[in-house]
Amino acid sequence: MNYKMWWKESVVYQIYPRSFKDSNGDGIGDLRGIIQKIDYLKELGIDVIWLSPIYKSPNDDNGYDISDYQDIMEEFGSMADFDALLHEAHAKGIKILLDLVVNHTSDEHVWFAESRKSVDNPYRDYYIWKSGEDGKAPNNWGSSFGGPAWEYDAETGMYYLHLYSVKQPDLNWDNPKVRHGVYDMMRWWLDKGIDGFRMDVINLISKDEHFPDAAKGGHEYGDFYPIVANGPKIHNYLKEMNKEVLSKYDIMTVGEMPMVTVEHARKYTSEAENELNMVFHFEHMGVDTGEHGRWCDRKMYLPDLKAVMTKWQTGLYNEGWNSLYWNNHDQPRVVSRFGNDTAYREVSAKMLGTCLHFMQGTPYIYQGEELGMTNIKFEKLTDYKDIDTLNSYHQFVEVEGMPHDEMMRYIYKKSRDNARTPMQWDDSEHAGFTTGEPWIAVNPNHKTINASKQMEDPDSVFNYYKRLIELRKKYPVIVYGQYELLDPDNVDLYVYKRTYKEETLIIICSFKEQEVPYALDGYDLEDAEILISNYPVEDDNANIVLKPYEARVYYKHDQGHINK
Ligand code: NOJ
């Protein structure tokens, strides 16, 4: 296998439109703002934009609660603006993926407005309604954003399921009308010319009809995941979607999948199965979690990260395809998480980029990652806007008694708002994001960390990411090479090898803040070329001394020239 495909050779850039660029001064990013920045993205060299949801939404969960799939969120602009964006992007050779959020809708979607009216409404079975027992919810699941996953609706005296907020009722995928309604909508966008979908929590759509209780105490945050993820008919539904819609277009698809394992992912992404192109798994995002899930400040232990990444690199080789990401709108900034966002911010941001971009898979860059943007620390809880952060604070501090300072420490580490502060374009008042009041405050470090400064500096994180992208276009080994982990137990260094035809790469990344002397047993690096590094390399490649967070990539070609 290992067929060549454009989406394997592409680099995707994720835009969170609310925080990217505001063109009309209302403090909220918009589609016209994105159009203004297409040249910036072209300069960076990315191939595909993934837009987080742009559809009509009451914004209970910043657009992941959709009230009309075929309309644009007012704050973001109009359908004409979207058409212009698609046109401009295509004219510059950039493709566009939309976020497909169809595990749930908003409670303000017309399907739900109808559904809740009466038990015999034609839309009743579009959602998951159950009677409670003895005045209690149908089972003990706790929603992902806190509180029970069932909401009692007085209109008909029954409960509806919402794995996320009460304003995000789950669709009933067992109803063929729901599935075909979604397929029609997907075709409508694809016929407009979009280039694919990122599918929100798509492996949660098939629920076990028995709705068994969750194992833990009940009503724990997201305790339903092990029961709901990869449910009984998930492969039937994805195959049907593929047959009805995806297979008819030359597009790319990536499914966001909590609790997906490599074994599952082989099935979801194998070319023979005709489901999706790749998935987003969360295993590497779990290396620094603790007893309250991600709300903790445990430091990652490098061998754990290496073990997870390696499992996916080897497990999908020739059997599926990986997505590669450190960041997205739900995760803290990687330089603050796995690097050092103070003294070694630039080198560690570059090291992390190197470590990820030389693996096999399609890399995703989240807005601002290419600048080494960092986490935010808001003094006041009220400065946080994310429903998950605010609900979690309420649950842990107000309900369960965790001290305020402890929870704030975790919020500084893990809040989704770390990723959602506005893009830092320049050093002006609101970082060039808006001329108005931004919907969420800008990180004060935009004075030093910003795009306009970095574009001019050849040594910037921006220009380093640009080179990472250029290299991928030039060396097939970066896209198609086989991966092998070297020195697995090394607690400071991530060292791996890629091979493809006559090409070999050795990637050495230091996660340590001190120098590390290093000899790579069994490899002669003396006559190897250095493709990229985040420091000038001064040693002779035989007696290597790695500087703090150093990354270097060695390249060898048997015939002494590059395979084209
Ligand atoms: C995953 C999305 O990435 C996240 O932002 C959202 O809150 C949930 N799915 C619910 O749609």
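The values are calculated or read from the model by the stated rules, or taken from the named source; none is laboratory data. Predicted model, so just to flag it, every value in this text is computed and none were measured. Heads up, the Cβs are rebuilt from the backbone with ideal geometry, glycines too, and the neighbour counts pull from every protein chain shown. Side chains included, ligands, DNA and RNA excluded: accessible areas come from the protein's heavy atoms. Shrake-Rupley method; radii C 1.70, N 1.55, O 1.52, S 1.80 Å.
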*Please give the length that would be gained between Glu244 and Arg409 if that part of the chain were fully extended, namely 0.36 nm times their separation in residues minus their C-alpha to C-alpha distance (nm, one decimal).*
54.7 nm
*Cysteines without a disulfide-compatible neighbour (Cβ-Cβ under 4.7 Å), the chain*: Cys296
*Calculate, for Lys512 and Glu114, the FRET efficiency according to 1/(1 + (r/R0)^6) with r their C-beta to C-beta distance and R0 56 Å; round to the nearest 0.05.*
0.45
*Would you mind computing, in nm to one decimal, how far apart the modelled labels at Asn24 and Asp521 are, each placed 7 Å from Cα along Cα→Cβ?*
6.5
*Report the trypsin sites (Lys or Arg not before Pro) located in the range 141-218 that are in a DSSP loop and have at most 16 other Cβ atoms inside 10 Å of their Cβ, or state none.*
Lys216
*Which angle from 0 to 90°, rounded to the nearest 10, does the C-alpha axis of helix 461-474 make with the longest principal axis of the chain?*
80
*Give, rounded to the nearest 20 debye, the magnitude of the charge dipole that the range 384-437 has about its Cα centre when Lys and Arg contribute +1 at Cβ and Asp and Glu contribute -1 at Cβ.*
220
*In terms of modelled amide H atoms, which long-range or inter-chain residues lie less than 5 Å from the amide H of Tyr127?*
Asn172
*Could you order His180, His235 so the one with the most accessible surface comes first? Probe is 1.4 Å.*
His180, His235
*asked:* Within 10 Å of each candidate Cβ there may be at most 13 other Cβ atoms; applying that plus a DSSP loop requirement, which trypsin sites (Lys or Arg not before Pro) in the range 34-108 survive?
replied: Lys92
*Which semi-axes, in whole Å and largest first, does the equivalent ellipsoid of the range 481-562 have when worked out from the alpha carbon gyration tensor as the square roots of 5 times its eigenvalues?*
21, 15, 11
*If you add up the charges near Arg179, with Lys and Arg at +1 and Asp and Glu at -1, over every other residue whose beta carbon is less than 11 angstrom from its beta carbon, what do you get?*
-2
*Evaluate Rg over Rh across the chain, taking Cα atoms for both radii and Kirkwood's formula for Rh.*
0.96
*Enter the accessible area of Thr499 (Å², nearest 10), with the probe set to 1.4 Å and all protein chains included.*
50
*Calculate one ³J(HN,Hα) per residue across the range 294-304 by plugging θ = phi - 60° into the Karplus curve 6.51 cos²θ - 1.76 cosθ + 1.60, and present them in order as whole Hz with x for glycine and proline.*
6, 6, 6, 10, 5, 7, 5, 9, 3, x, 5
*Could you tell me the distance between the Cα centroids of the range 236-286 and the range 428-452, to the nearest Å?*
37
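Show me the three semi-axes of the equivalent ellipsoid for the range 83-192, from the C-alpha gyration tensor (sqrt of 5 times each eigenvalue), largest first, rounded to whole Å. Please list the in-between numbers first.
Values: eigenvalues 228, 51, 22 Å².
Those come to 34, 16, 10 Å.
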*If Thr374, Thr342 are ordered by their accessible area, calculated over protein heavy atoms with a 1.4 Å probe, which sequence runs from highest to lowest?*
Thr342, Thr374
*Report relative contact order for the chain in percent, whole number only (criteria: Cα-Cα under 8 Å, sequence separation at least 6).*
13
*Based on the Cα atoms of the range 386-541, what semi-axes does the equivalent ellipsoid have, where each is the square root of 5 times one gyration tensor eigenvalue, given in whole Å with the largest first?*
39, 24, 15
*For the range 481-562, with all protein chains present and a 1.4 Å probe, just round the carbon and sulfur fraction of the accessible area to a whole percent.*
43
*Whole-number accessible area per residue in Å² for the range 481-562, which is evaluated in the context of all protein chains at 1.4 Å*: 46
_Please list, by residue number, every one of the GluC sites (Glu not before Pro) in the range 364-445 that is coil in DSSP and has at most 14 other beta-carbon atoms within 10 Å._
Glu379, Glu400, Glu429
